[in-house]
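Please read the structure below before turning to the comments.
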Amino acid sequence: MLTQESCREFATLLASKIPAPGGGGAAALTAALGTALNSMVANFSIGKKKFIDCKDKHEKLLARGEALREKLVDLVDKDAELFEPLSKVYVMPSNTEEEKNKKEEVLQKCLKAACTAPMETLEYTYEGILMHEEIVNISSKNIISDVGVGVQCLKAALNSAYLNVLINLNSITDESYVTENKEKAEKILSDGNKIADEVYAKVINMVNG
């Protein structure tokens, strides 16, 4: 499992000429790191005199953050597991019409499967951005920069996951499937980037103020 590797080993694997990990796994891991920073900020802010009335909000963010972080880390392995069969399709024989048809059938099935991990990454990353929108107003000022770092990690993961969704959708022939998932992904992308930019701007103002 990729998630059992050290940071150094994972980076080495990512740099090598193997099918996975790739951009999808990198996006999920980046989102997990952004979510972890949300939890760190909550842990440092909870119980502070200024935010004593926010204890319940901090506790809820910590619970949500732990669950979300685990889902995103799991997606690093899931993305690799689903991409491996897809990478093997491209070397299937296609000399006869029967072989071509079989290859296309398997390809379409694998493309849809491979699309699920980045779509989940996109959805979970958006949830992480919403959590940063909540924490930014109930964070100790001396750690507010970490909210900015966290939301930028999540923004990068959001845009990266979208690219991985898109590249799979572009080769899928099921038009209704493509339309449904593309519209969903574009909505999450637009909303997520808008909120992430607003949170980051607020962090910048707080740091400068």
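Residue under question is Ile129, and the condition is that it be in contact with a helix residue (DSSP H, G or I) (Cβ under 7 Å, 6 or more places away or on another chain), in a loop (DSSP other than H, G, I, E, B), within 30 Å of Asn208 (Cβ to Cβ) and modelled with pLDDT of 95 or more; does it hold? Answer is no for this residue. Within the stretch 87-105, residues that are without any contact (Cβ under 8 Å) to a residue 40 or more places away in the chain have Cβ atoms under 9 Å from residues that are acidic (Asp, Glu) in these pairs: Met92/Glu99; Pro93/Glu99; Ser94/Glu104, counting only partners at least 6 apart in sequence or on another chain.
Could you check the stretch 166-209 and list, in sequence order, the residues that are of a type in the set (A, V, I, L, M), part of a helix (DSSP H, G or I) and in contact (Cβ under 8 Å) with a residue 24 or more places away in the chain?
Applying the first criterion (of a type in the set (A, V, I, L, M)) to the stretch 166-209 yields 166-167, 169, 172, 178, 185, 188-189, 195-196, 199, 201, 203-204, 206-207.
Then drop every residue that is not part of a helix (DSSP H, G or I), which leaves 166-167, 169, 178, 185, 188-189, 195-196, 199, 201, 203-204, 206-207.
Residues satisfying the conditions are Leu169, Ala185, Ile188, Leu189, Ile195, Ala196, Val199, Val203, Ile204, Met206, Val207.
Screening the stretch 1-116 for helices (runs of 4 or more DSSP H) wholly inside it with 2 or more residues that are aliphatic (A, V, I, L, M) and under 30 Å from Thr179 (Cα atoms) returns the ranges 23-45, 55-89. Checked against (1) in contact with a helix residue (DSSP H, G or I) (Cβ under 8 Å, 6 or more places away or on another chain); (2) among the aliphatic types (A, V, I, L, M); (3) surrounded by fewer than 17 Cβ atoms within 10 Å (Cβ to Cβ); (4) over 24 Å from Met119 (Cα atoms), Met1 passes all but a single condition, namely (4). Can you confirm whether the stretch 138-155 contains a residue that is in a loop (DSSP other than H, G, I, E, B), without any contact (Cβ under 8 Å) to a residue 12 or more places away in the chain and either over 30 Å from Leu111 (Cβ atoms) or more than 17 Å from the chain's Cα centre (by Cα) (or both)? For the stretch 138-155, residues in a loop (DSSP other than H, G, I, E, B), without any contact (Cβ under 8 Å) to a residue 12 or more places away in the chain and either over 30 Å from Leu111 (Cβ atoms) or more than 17 Å from the chain's Cα centre (by Cα) (or both): absent.
When the stretch 49-66 is limited to residues that are crowded, with 17+ Cβ neighbours inside 10 Å and of a type in the set (Lys, Arg), the one that is farthest from Glu127 (Cα to Cα) turns out to be Lys57. Among residues of the stretch 22-44 that are farther than 14 Å from Leu72 by Cα and basic (Lys, Arg), none has a Cβ under 6 angstrom from a residue that is at pLDDT 95 or above and surrounded by fewer than 24 Cβ atoms within 10 Å (Cβ to Cβ) at a sequence gap of 6+ or on a separate chain.
Please go through the stretch 132-156 and pick out each residue that is of a type in the set (Gly, Ala, Ser) and surrounded by 24 or more Cβ atoms within 10 Å (Cβ to Cβ).
Ser139, Gly150, listed by residue number.
The values are calculated or read from the model by the stated rules, or taken from the named source; none is laboratory data. The shown structure was predicted, so the numbers you read here are calculated from the model rather than taken from an experiment. Cβ: placed from backbone, ideal geometry, glycine included. Neighbour counts: every protein chain shown.
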